[in-house]
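Have a look at the structure below, then the notes.
Derivation of every value follows stated rules applied to the coordinates shown; laboratory data play no part. Computed from a prediction, not measured in an experiment: that's the story for all the values here. Neighbour counts run over all protein chains shown; Cβ positions are idealised from the backbone, glycine included.
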Amino acid sequence: MERATKYGDAASECKTTSLVIILLAQVAAMGVWFSSTTALALIKRSQAIDPFDEAMLTSMVQLGFVAGTIVSAMLSLPDRYDLRRLFAGSAFVAAIATGVLALLPPTGPAVVSLRFVTGVCMAGVYPVGIRLVSTWATSDLGLLIGLLVGALTLGSASPHLVAGMPGLNWRLIYLIAAGAALLAALAIGFVSVGPNLKRATRVDVHRVAQAWRQPAVRLANLGYLGHMWELYAMWAWVGLFLQQTLASHGIADARPKAEALTFAVIAFGAVGAWAGGWLADRVGRTRVTIGAMAVSAICAATIGWLFNAPVPVVVAVAFVWGFSVIADSAQFSASIAELADPTSVGTLLTAQTCAGFLLTLVSIHLVPEIVAHLGWQGGMTVLAVGPALGCVAMWRLRRHPDSRRMAGGKR
C-alpha cells in the first residue's frame, strides 16, 4: 500500500511538472507567431508600410501554418514520432527564422518567406502541444487544454499592450521571440509523455478522412469551424472598432486608449478559456460550447449596432464577447481527443486546426470589405453566422450516441 501511494505521488508530481513545462514552452514558442504583429506596430511609428506588405506579414504565418498542418496530418507525424522531438525541432527552426528577421529590412520577399517558414513550424508546436497535454488527462482534459488556450490568448493580446509602450525597438521584439522559442525547444526535452498515448505504426492518409467520415468527429469539427469563423476576425478587428468608437465620442488619444482596451478585452478571454475548461469537465462539452457560442453570437450581432451607444455599454459588450468567444475553444480539441481513434488523435487534432485556420483567412479579410459597404453593423453581424451554425452542430453532436464518450459521459 505504501509503495502504491509513493508511486501515485510520483506520477502526480511528474504530471504537474510536465504540464507546467508544456504550458510555458508552448507560450514561449508561439511568441514567434505574434512577433510580427508586435513589430509592425512599432515599425509604423517611424515609417509607412504598404497595407499589402502588412497583410502579407500576418497572413503568411497563417498560410504557412495551414501548409504545415496539411503535411503533418497527411504523414500522421504527431501519431508516429516522439512528440517532444517534433515540438523541439519545430520550435528551433522557427527561432532561427525569427531571429534572422532582426537582421533584415522590415518588409520584403525574404521577410515574407521567413514568416511562411515560421507558420509551417507552428504546425509542429500548437497541435503537438495540445496532444502532449491530452496524454496526461484523466477527468480534467477540458481544463488542461483550457489552460493552454488561455495562455495563448494572453499571447494574442500582448501586441496590443506592447504597441502602447514607448521606446521599444522592433528588432529587439524579434530577438526576444527567437530566444524564447529556443528556450522552449530545450525545455520540452524535460517533459514526460503521459500514459494516454497510442502510436500509429505507419502512414495512413485515410486517417484524415475520419475527420469527416466519423459522424461525431465531423460534428465536433463543424462546431470548431463555426467558432473559428468568428474568433480570429474578432481579435483582428475589435481594436479598430473600439478606436473608431472612442474617436466618434470625441475621446482624446483614442488610439492608445483603444490599444489598452483591446488588450484587456482579448486577455479577458484567458479567464473564459480557463472557466470554460473547468465547467466543461463538470457539466459537459456540448453544453459549454453551445452556451459560449450562443453568447458570442449575440455579442457579434449587436456590438456593431452599438457604435453610437454610450462608451460604457460598448465596452461591457466587448468584454462579454472577449470572454465568451474563446471559452469554448479548448473543448473542440478535447472532443476530438475523446471521440477519435486513439492512434489518430494527433493527426485529427492537426487536421482540425488546419481547417479552422484556413477558414480564418476568409473571415479576417471579409470583415473590412463588408464594413466598407455596410459599416460596422454588417461587418460584425456577419461574424455571428459562424457560432450560430456551430451551436447547431454541437446540439446535433449532443444527441449522437458517441457523445457519451465525452467528459466522462456528461457530453
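At a Förster radius of 25 Å, what calculated FRET efficiency corresponds to the Cβ-Cβ distance of V112 and N169, to the nearest 0.05?
Computed FRET efficiency for V112 and N169 comes out at 0.75.
At 0.36 nm per residue, minus the direct Cα-Cα distance, what do F307 and D50 gain on full extension? Give it in nm, one decimal, please.
Answer, rounded to one decimal: 89.7 nm.
Gap in Å between the Cα centre of the stretch 20-83 and the Cα centre of the stretch 237-299?
When both Cα centres are located, 22 Å separates them.
Placing +1 at every Lys and Arg Cβ and -1 at every Asp and Glu Cβ, with all other atoms neutral, what dipole size does the chain have around its Cα centre, in debye to the nearest 20?
980
Sum up the charges of everything whose Cβ sits under 14 Å from the Cβ of A102, counting Lys and Arg as +1 and Asp and Glu as -1, but leave A102 out.
+2
Using only Cα atoms, tell me the angle between helix 385-399 and the longest principal axis of the chain; keep it within 0 to 90° and round to the nearest 10.
Value to nearest ten degrees: 20.
To the nearest 10 degrees, how steep is helix 285-303 against the longest Cα principal axis of the chain, on a 0 to 90 scale?
Compared with the principal axis, the helix lies near 10 degrees.
Percent of alpha carbon pairs in the stretch 258-401 separated by more than 24 Å?
36
For the stretch 337-411, what does the equivalent ellipsoid look like in terms of its semi-axes, each the square root of 5 times an eigenvalue of the Cα gyration tensor, given largest first in whole Å?
33, 17, 6
How would you order 224-230, 241-247, 105-111, 191-197 from highest to lowest mean count of nearby Cβ atoms within 10 Å?
For the peptides 224-230, 241-247, 105-111, 191-197, the packing ranking is 224-230, 241-247, 191-197, 105-111.
Using just the helices of the chain, give the 222 nm mean residue ellipticity in deg cm²/dmol: DSSP H runs with n ≥ 4 each add -39,500 (n - 2.57), and the total is spread over all residues, rounded to 500.
-26500 deg cm²/dmol
Angle check, please: helix 170-187 long axis (alpha carbons) against the longest principal axis of the chain (alpha carbons), in degrees 0 to 90, nearest 10.
For 170-187 against the chain, the angle is about 10 degrees.
Of V382, L279, I298, which is farthest towards the positive pole of the stretch 271-411's charge dipole, taken about the Cα centre with +1 and -1 on the beta-carbons of Lys, Arg and Asp, Glu respectively?
Going by the Cα projections, it comes out as L279.
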